[in-house]
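Visitor: The structure's right below; bear with me while I get my questions together.
Coordinate-derived values only; no laboratory data. Bear in mind that the values here come from a model prediction, so they are computed numbers and not experimental data. No Cβ is skipped: glycine too gets one built from the backbone with ideal geometry, and neighbour counts run over all protein chains shown.
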Amino acid sequence: MGLPDEIRQQALALRTALERHNERYYVLDAPLVPDAEYDRLMRALQDLERRYPLLATPDSPTQRVGAAPLAAFPRVTHGMPMLSLGNAFDTGEVEAFDRRVRQALGVESVAYAVEPKFDGLAVSLRYEGGVLVAGATRGDGYVGEDVTPNLRTLRAIPLRLQAADGIPIPALLEVRGEVLMLRDDFDRLNREQREKGGKVFINPRNAAAGALRQLDSGVTATRRLAFFAYGVGASEGPGMPCDRHSSILDRLASLRFPVVQERRVVTGAAALLAYHRNMEEMRAILPYDMDGTVYKVDDLAQQAALGYVSRAPRFALAHKFPAQEAATRVLGIDVQVGRTGALTPVARLEPVFVGGVTVTNATLHNEDEIRRKDLMIGDSVIVRRAGDVIPEVMAVQREQRPADARPFAMPDHCPVCGARALRLPGEAVTRCSGGLYCPAQRKQALLHYASRRAMDIDGLGERLVEQLVDQAIVRTPADLYRLGVAALAALERMAEKSADNLVAAIGNSRRTTLARFVYALGIRNVGEATAKALARHFGSLDRLAAAGRQALQQVPDVGPVVAESIAGFFAEPHNVEVIEQLRAAGVTWDEHPGAIPADGPGGLGGRNFVLTGTLPTLVREEARERIEAAGGRVVGSVSKKTDYLVAGADPGGKYDRAIELEIPILDEAGLLQLLARGCDSPDDPLHS
Ligand code: IVH
């Protein structure tokens, strides 16, 4: 009709190629060409259709890019209702189902077609004369929403049915199945949404629903939605098998509908349960989400004989997995201290049954994660527990936030030992700086202290350290040197002989090298090589302890991060105390007095100070004199040039101004330390 033959041929070739690539990609999961080649073919066909609009029929692959936005979805009545399924949650209910079926049919055993229960959205696709004419959501089962333009964009859905094996195409066919988003596509979508500050979806099902129920099908086209066919509704004319459900699925597969691989035909209740268990194990590795398995009597005549109860067939059953998500409330947020000192916020939950167990805690990972989720104490949340994975808070139900909800603040001190908790720039994790002193880190620290390349205490293994710490016999490495044979021999699995040996090994460790000792302290980011370099450079522990961040960075291989760890470690009084105890216990090491000296005290190097509020012991004049004596300057008001604000009780507006300008604020103790050690000392906040 007015179309040159050559153009018609060209369009047909492009259509065929595009449909073949769609099938390879979406149905067979084995693409033949890269995405760019697919896009090139699509653009060529679009160009052709722009020039010859008669080519742009509803079954053209170009229709998959989306149509003009709708104001609302039209309603459609399904040719045959889309029913629901009865549910079973345990073995007994499955056995009862099989018993009922056998009794009603008066047979010994029944063959069932078994399939995954997809966790997506049910849709019905209407094909007239082999062409997709309408697609609808399930709605109330009788009337659904017409989402045809959206469904056309799904490349897994054939726009035109191709006769295969000489079998005719039914004049009318309603194909039923599930639209879902594969987990990989879901992760990618959420990553993209996060990057552009868009809506982040809780799970693939919600993401699929959001994409399918778009009034603008152009948006649907940009989201990769998958489709699996699991049955037929109305069907007229020859071309559909009428013996078994499993034959219908095979026929749908030959018509190039995606039909899940993990489908079987099994006989008897025991086989149903075995299939269910197997699918539950496969759950984590399959690319799609499912919430259970579906059992359908395979023989269609038996199906008809069994019929329906209210809105569900008597011949089918959904056997659900335990729900992996549940709603509950966050009662509080605790902070746990891990073995490396990492502070992890953990939500304390109102107990909730999810993923097959009662869950009372869920990890919140870190401070940023809490902020990103906008979680407050008292919030209603969705918790997810998938398999053996640690339960997680998936989403916050903001609209249910109670008036007394409280925000969470990461403590600035370790909840276990009270040492300062530090979060280094660029790191997501806050860590306890208590090191050797923190009980939560103590076991690890003791094992490290005793390890071969550190103090080399033979015989102090994991089991022993557990007992020593749990029974509060040993708190710090210094306590090791007080251990007697009698105390050790009283422990589990400790004979007197091994107790003797251990006491001797501990005694022998007293004499060591500075490098080993520094390594044994377990300072974060200080491995054996760094410890050696530090020992060589500073020559004495006191000089190392007094060195500021800049001085530390003079050491080969010590950058700002390592310098920060070292300075932070020695700024923690508990660590200094443990070192003193070790010295008192007789631990000694070689020192090299000739090594490069660290910065001496007293240099405030022209730094500008502002004083505000009442200091606990120093009067204003005294503070000024001491700062000036150390080379600093005291000025009247806070500006960008101010280096420190020294604040006492009832500070004035200077305090707010300093916060605004992010100027370090010292209390009196901080000032005195600075005066004692000078700038560039570990506790100088300007050297972070
Ligand atoms: S058959 C008459 N098979 O489950 C039975 N449904 O409660 C018609 N579903 O919303 C449904 N996977 O979307 C069937 N393999 C499967 C299914 C499945 C998921 C959903 C379906 C419907 C619900 C039925």
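Visitor: Along the positive direction of the dipole of the chain (beta-carbon charges: Lys, Arg +1; Asp, Glu -1; about the Cα centre), which of A478, V297, V561 reaches farthest?
Guide: Selected residue: V297.
Visitor: Could you pull the Cα extents of the chain along its three principal axes, largest to smallest, in whole Å?
Guide: Largest to smallest, the principal-axis extents are 101, 68, 51 Å.
Visitor: Something else about it: Out of G435, L446, V200, whose Cα points farthest toward the positive end of the dipole of the chain (charges: +1 Lys, Arg; -1 Asp, Glu; placed on Cβ)?
Guide: Result: V200.
Visitor: Could you go through the stretch 107-115 in sequence order and give the Karplus-derived ³J(HN,Hα) for each residue, using 6.51 cos²θ - 1.76 cosθ + 1.60 with θ = phi - 60°, rounded to whole Hz, and x for Gly and Pro?
Guide: 10, 6, 8, 10, 8, 10, 8, 10, 8
Visitor: When the chain is fully extended, how far beyond the present Cα-Cα distance does E492 get from T363, taking 0.36 nm per residue of separation?
Guide: Extending this stretch completely gives an extra 43.0 nm.
Visitor: Next question. Dipole size in debye (nearest 20) for the chain around its Cα centre, Lys and Arg Cβ +1, Asp and Glu Cβ -1?
Guide: Dipole about the Cα centre, nearest 20: 600 debye.
Visitor: Name the residue farthest towards the positive end of the dipole of the stretch 80-196 from the options A88, V107, N190, assuming +1 on Cβ of Lys and Arg, -1 on Cβ of Asp and Glu, about the Cα centre.
Guide: Farthest along the dipole direction, towards plus: N190.
Visitor: To the nearest 20 debye, what charge dipole does the stretch 303-356 have about its Cα centre, counting +1 at the Cβ of each Lys and Arg and -1 at the Cβ of each Asp and Glu?
Guide: The calculated dipole for the stretch 303-356 is roughly 200 debye.
Visitor: Continuing with this model, one more query. Scan around L666 for amide H atoms under 5 Å from its own, H built in the peptide plane at 1.01 Å from N, and keep only partners 5 or more places away or cross-chain.
Guide: Counting only residues 5 or more places away or on other chains, the set is L645, V646, A647.
Visitor: Could you tell me, in Å, what Rg and Dmax come out for the Cα atoms of the stretch 244-391?
Guide: 21.5, 66
Visitor: Tell me the volume per residue, in Å³, of the convex hull enclosing the alpha carbons of the stretch 69-125.
Guide: Expressed per residue, the convex hull around the Cα atoms of the stretch 69-125 is 155 Å³.
Visitor: With only alpha-carbon atoms in the gyration tensor, what are the semi-axes of the equivalent ellipsoid for the stretch 204-306, in Å, largest first?
Guide: 28, 22, 11
Visitor: Compute the length gained on full extension between A428 and D374: take 0.36 nm times their separation in residues and subtract their Cα-Cα distance, giving the result in nm to one decimal.
Guide: Value of the extension gain: 17.8 nm.
Visitor: Kindly provide the pair-distance distribution of the stretch 94-216 built from C-alpha pairs, with 10 Å bins from 0 and whole-percent values in order of increasing distance.
Guide: In whole percents, the pair-distance histogram is 11, 29, 27, 22, 9, 2, 0.
Visitor: Pop a pseudo-label 7 angstrom from the Cα along the beta-carbon direction at both E128 and A270 and give the gap in nm to one decimal.
Guide: Calculated label separation equals 5.2 nm.
Visitor: Which stretch or stretches of the stretch 651-673 have amide N atoms under 20 Å from the point lying 7 Å from E628's Cα along the Cα→Cβ direction?
Guide: Residues 671-672 qualify, since their backbone N sits under 20 Å from the label point.
Visitor: If each residue's Cβ is checked for other Cβ atoms within 10 Å, how do R24, R442 rank with the fewest at the top?
Guide: Ranked by crowding around the Cβ, least crowded first: R24, R442.
Visitor: So how strong a dipole does the stretch 474-588 carry about its Cα centre when Lys and Arg Cβ are +1 and Asp and Glu Cβ are -1, to the nearest 20 debye?
Guide: 260 debye
Visitor: Next question, about the same structure. Quick one: compute the contact order of the chain, relative version, from alpha carbon pairs under 8 angstrom and 6+ residues apart, as a percent.
Guide: About 9 percent, as a whole number.
Visitor: What ranking do M455, M282, M42, M181 get, fewest neighbouring Cβ atoms within 10 angstrom at the top?
Guide: Fewest to most other Cβ atoms nearby, the residues stand as M282, M42, M455, M181.
Visitor: Can you count the Lys pairs in the chain with C-alpha separation below 14 Å, eight or more apart or on different chains?
Guide: Qualifying lysine pairs in the chain: 5.
Visitor: Taking a temperature of 37 °C and a viscosity of 0.692 mPa s, what whole-number D in µm²/s does Stokes-Einstein yield for the stretch 479-600 with Rh from Kirkwood over alpha carbon pairs?
Guide: Estimated diffusion coefficient is 209 µm²/s.
Visitor: Another question about this same structure. What length, rounded to one decimal in nm, is gained on full extension from E6 through to A164, with 0.36 nm per residue of separation minus their alpha-carbon distance?
Guide: 54.2 nm
Visitor: Another question, if that's okay. Looking only at the stretch 246-277, which residues have a backbone nitrogen under 20 Å from a spot 7 Å from the Cα of L32 in the C-beta direction?
Guide: 253-259
Visitor: How large is ³J(HN,Hα), in whole Hz, for each residue of the stretch 368-382 in order, when computed from phi with the Karplus curve 6.51 cos²θ - 1.76 cosθ + 1.60 and θ = phi - 60°, using x for Gly and Pro?
Guide: 4, 5, 5, 5, 5, 7, 6, 9, 10, 5, x, 5, 8, 9, 9
Visitor: Can you sort E496, E145 so the residue with the fewest Cβ neighbours within 10 Å comes first?
Guide: Taking fewest neighbouring Cβ atoms as first place, the list is E496, E145.
Visitor: Looking at the square roots a ≥ b ≥ c of the eigenvalues of the Cα gyration tensor of the stretch 518-576, which shape do they give, rounded for a/c under 1.5, prolate if a/b is larger than b/c, or oblate?
Guide: rounded
Visitor: Using 1/(1 + (r/R0)^6) with R0 = 35 angstrom and r between the beta carbons of F353 and A409, what's the FRET efficiency to the nearest 0.05?
Guide: 0.70
Visitor: Rounded, prolate or oblate: which fits the stretch 433-517, taking a ≥ b ≥ c as square roots of the Cα gyration tensor eigenvalues, rounded meaning a/c under 1.5, else prolate when a/b beats b/c?
Guide: oblate
Visitor: Here is a further query. Considering the Cα trace of the stretch 318-392, what is its radius of gyration and what is Dmax, both in angstroms?
Guide: 12.9, 47
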